2 protein chains.
Amino acid sequence: MSVTLQDIAQELDVSIATVSRALRGMPGVAESTRQLVLKVAREQGYYPNLAAQQLQRQRTNTIGFIIPTFGPRFSDPFFSELLAGIGNAAAEAEFDLLVSTVAPGKDELKGYQHLVAGRRVDGLLVVRTRRQDQRIAYLLAEGFPFVAFGRTDQELDFPYVDIDGQQGLFKVVTHLIERGHRRIAFINASEELMFAQHRLTGYRQALAAHGLPYDDDLVRLGGLVETDGYHAGRALFCLGAQMPTAVCTSNDLMALGMMRSARECGLQVGVDIAIAGFDDIPLAKMTYPPLTSVHQPIYQIGRLICEKLLCLLRDEELAEPQTLLLPELVVRESTDYRV
Amino acid sequence: MSVTLQDIAQELDVSIATVSRALRGMPGVAESTRQLVLKVAREQGYYPNLAAQQLQRQRTNTIGFIIPTFGPRFSDPFFSELLAGIGNAAAEAEFDLLVSTVAPGKDELKGYQHLVAGRRVDGLLVVRTRRQDQRIAYLLAEGFPFVAFGRTDQELDFPYVDIDGQQGLFKVVTHLIERGHRRIAFINASEELMFAQHRLTGYRQALAAHGLPYDDDLVRLGGLVETDGYHAGRALFCLGAQMPTAVCTSNDLMALGMMRSARECGLQVGVDIAIAGFDDIPLAKMTYPPLTSVHQPIYQIGRLICEKLLCLLRDEELAEPQTLLLPELVVRESTDYRV
DNA sequence: ATTATATACGTAAACGTTTACGATGTCAAA
DNA sequence: TTTGACATCGTAAACGTTTACGTATATAAT
């Protein structure tokens, strides 16, 4: 089996307490014996049993991250980049990362309870917050450390990082209005998602600021995958005279689906219709035509929420518990079309 | 703090052993007391301390998965789908999933040692195998349970799932040849990756089978991101008379970059040049033009390697330790061009 | 020489489980 | 009544650490 403190202690004929102290650099052990211990530990290939450490120290050096996955073909470039940010920040702090994938729903909380009540992780990262978010209510009630990516509609105080989706939509819609568009569609995400709410607000504000009417028919809801954008496009482009001249979407994936349906309807993107996305995934600049999008520094956000959580776990005061990032609009050829 | 067996035992004036037995459904406890224990446990909100369980049971009910990330903008739809498959399969078996993100390199093994020597996980999933893979050599030497996605060049016996990339490339190149192409470029991944080797073999076999010469200039290496395909394209499309009429790539992301560079060089994809990818990510059918690609059932592969590992951990005999999946070619408009 | 202080180390309890083993009580068979 | 079998439960060790506390020795101060 694997070598324990006991093995080293036996070999050197000292107590396991001394071995433990020597290995952890604690005072109260002679330099000569410390060297001996280190030598034997190296020779025997000692590595501490993490479960035993966790039990004793009452912390796991692990943070949890639960990915809400929707169905099998869950392929969102967004998450791999977020995960990279989180993972790298955690690794630098020598923390492990426990990832669960659960579909949002009534069993969702079970996943959180497992990690929280089982003291499986020291803190949690919550992503894709909802307007009424039971996960956040639960974590607050438990007094469990967490940081969210996104806000909620409840008047709850908790640490988060978010990008200002309202500003983001305001910018992109204003950009479209400045290019002469008057009928601008918006493919949003499910209403229960908090960011969808913010972005809708930004959309309406931009219209209002330019005296344009709000038309319910032009706002569609999608599930953030390509096919949602595709189907929304098929519906929109059949409106005839009522057809929008520009469309913006709540993520790039749907924008790509939208571009496809536009082409199928004989519309040349950037020439006959303007399309803009949200996220600015690396792919956005590679599409045809390159996609105008609201940039989200996803990797950085991943790092940020992770680092904030690590601060919390070190009992440090958060310099900025709530961070709201201003997104930048990246204009590309997909919105070249002017009315 | 949180409630332990001790708390329940005290409340009912029984021993913690009885409580433990009652909760775990072990024999040797009266049905009446079992009900009492269950009742109190529910009332007090008992949840077992997982670290203590792990220490005692000598297993963690956790599997590890180390994602090789290359740089910050690591945005591969491939991995999010794989992760979903792994995560869901693990969740069904009530296993947790520990994810690390480490850049391949000399510190890479540290990450594996941490999980293995620290007994942090019961088994590991190894992805993106390399021709000489130190990770696999290490795990085999340690006798640690693992399943790989991919093979190696070493004559080592270990459980894996892989798709037959050689067949995949053979199919796509044959498809291009049948459309009249004679100069077919191939943007492959780094030579050290095992799958790159297989695909190169498939590429050469298809050429040979049709009596076409192999031209070193037409094979380029890329790092599997969009920009790699883009740059490879810029280089290829400047070859003048030596220019290929068709290109296939080792993943869809590079194909998308390639499509962009083609357009910038005034080439209409599917009309003036044929481009095919590999992976068939959901996006592939949404590009313009839709991308011909070799389909990989990534989600299923994620499930498969996870389930295989779970079998190993249950000490079951693997019905099929090594699975080689035959990939399908999905023909779309990007290869419509005939010479 | 005595006392105080520091250093080096061991003892043992603790973290929260699981489980082998032993103790007690009940009931039926001999 | 004795014996055994069985059900029910408690005791205690074990998993591998960490750490408060105690003890022995050496050194310095009085």
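The values are calculated or read from the model by the stated rules, or taken from the named source; none is laboratory data. Bear in mind that the values here come from a model prediction, so they are computed numbers and not experimental data. In this analysis, Cβ positions are derived from the backbone assuming ideal geometry, glycine residues included, and neighbour counts consider all displayed protein chains.
Of all the residues in segment A:171-212, those that are within 20 Å of A:L224 (Cα to Cα) and of a type outside the set (D, E) number 20. Would you check if there is a residue in segment B:303-323 being crowded, with 22+ Cβ neighbours inside 10 Å, of a type outside the set (V, I, T) and closer than 22 Å to A:Y230 by Cα? The answer is no; no qualifying residue exists.
Only a single item in (1) within 14 Å of DNA strand D (Cβ to nearest atom); (2) in the same structural domain as A:Y112 (by TED's automatic domain parsing); (3) more than 22 Å from B:L115 (Cα to Cα) is not met by A:R34, and it is number (2). Restricting B:D76, B:D122, B:D107 to residues that are within 16 Å of DNA strand C (Cβ to nearest atom) and acidic (D, E) narrows the list to B:D122.
Touching a helix residue (DSSP H, G or I) at 6+ places or on another chain (Cβ under 7 Å) and among the aliphatic types (A, V, I, L, M), is that true of A:I136? Considered against the rule, which asks whether it is touching a helix residue (DSSP H, G or I) at 6+ places or on another chain (Cβ under 7 Å) and among the aliphatic types (A, V, I, L, M), A:I136 comes out as no. Residue selection: B:L23 satisfies the criterion of being aliphatic (A, V, I, L, M), away from DNA strand D (no atom under 11 Å from the Cβ) and modelled with pLDDT of 95 or more. Here A:A196, A:A185 are screened, and the one residue that is closer than 15 Å to A:D279 by Cβ and touching a strand residue (DSSP E or B) at 6+ places or on another chain (Cβ under 7 Å) is A:A196. The listed residues are B:E11, B:E43, and the only one of them that is in contact (Cβ under 8 Å) with a residue 24 or more places away in the chain and part of a helix (DSSP H, G or I) turns out to be B:E11.
The strands (runs of 3 or more DSSP E) found entirely in segment A:51-155 that carry 3 or more residues being at the interface with chain B (Cβ under 9 Å from one of its Cβ atoms) and under 18 Å from B:F65 (Cβ atoms) are A:62-68, A:96-102.
Residue count for segment B:15-35 satisfying the condition of being more than 9 Å from DNA strand C (Cβ to nearest atom) and either buried (at least 17 other Cβ atoms within 10 Å of the Cβ) or within 14 Å of another protein chain (Cβ to nearest Cβ) (or both): 3. Criterion applied to A:L5, A:L55 was being near DNA strand C (Cβ under 9 Å from one of its atoms) and surrounded by 17 or more Cβ atoms within 10 Å (Cβ to Cβ), and the one residue passing it is A:L55. A residue that is assigned to a helix (DSSP H, G or I), in contact with a Phe, Trp or Tyr (Cβ under 8 Å, 6 or more places away or on another chain) and exposed (fewer than 15 other Cβ atoms within 10 Å of the Cβ) cannot be found anywhere in segment B:224-238.
Residue-by-condition table, conditions (1) modelled with pLDDT under 95; (2) not polar (S, T, N, Q); (3) not assigned by TED's automatic domain parsing to the domain that holds A:V172:
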{"position": "A:A241", "(1), (2), (3)": "yes, yes, no"}
{"position": "A:T245", "(1), (2), (3)": "no, no, no"}
{"position": "A:D252", "(1), (2), (3)": "no, yes, no"}
{"position": "A:G266", "(1), (2), (3)": "yes, yes, no"}
{"position": "A:V271", "(1), (2), (3)": "no, yes, no"}
{"position": "A:G277", "(1), (2), (3)": "no, yes, no"}
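Of the residues in segment B:162-185, at least one is more than 18 Å from B:G270 (Cα to Cα), in contact with a Pro (Cβ under 6 Å, 6 or more places away or on another chain), not in a helix (DSSP H, G or I) and not charged (D, E, K, R).
Of everything listed in (1) surrounded by fewer than 23 Cβ atoms within 10 Å (Cβ to Cβ); (2) on the phi > 0 side of the Ramachandran plot; (3) not aliphatic (A, V, I, L, M), the single unmet condition for B:E333 is (2). Screening A:S15, A:S2 for residues that are touching a Phe, Trp or Tyr at 6+ places or on another chain (Cβ under 8 Å) and of a type in the set (S, T, N, Q) leaves exactly one candidate, A:S2. Taking the criterion of being more than 9 Å from chain B (Cβ to nearest Cβ) and part of a helix (DSSP H, G or I), the residues of segment A:262-296 that qualify are A:A262, A:E264, A:A284. From the residues in segment B:191-214 that are part of a loop (DSSP other than H, G, I, E, B) and at pLDDT 95 or above, which one is surrounded by the most Cβ atoms within 10 Å (Cβ to Cβ)? Of everything passing the filter in segment B:191-214, B:L212 is surrounded by the most Cβ atoms within 10 Å (Cβ to Cβ).
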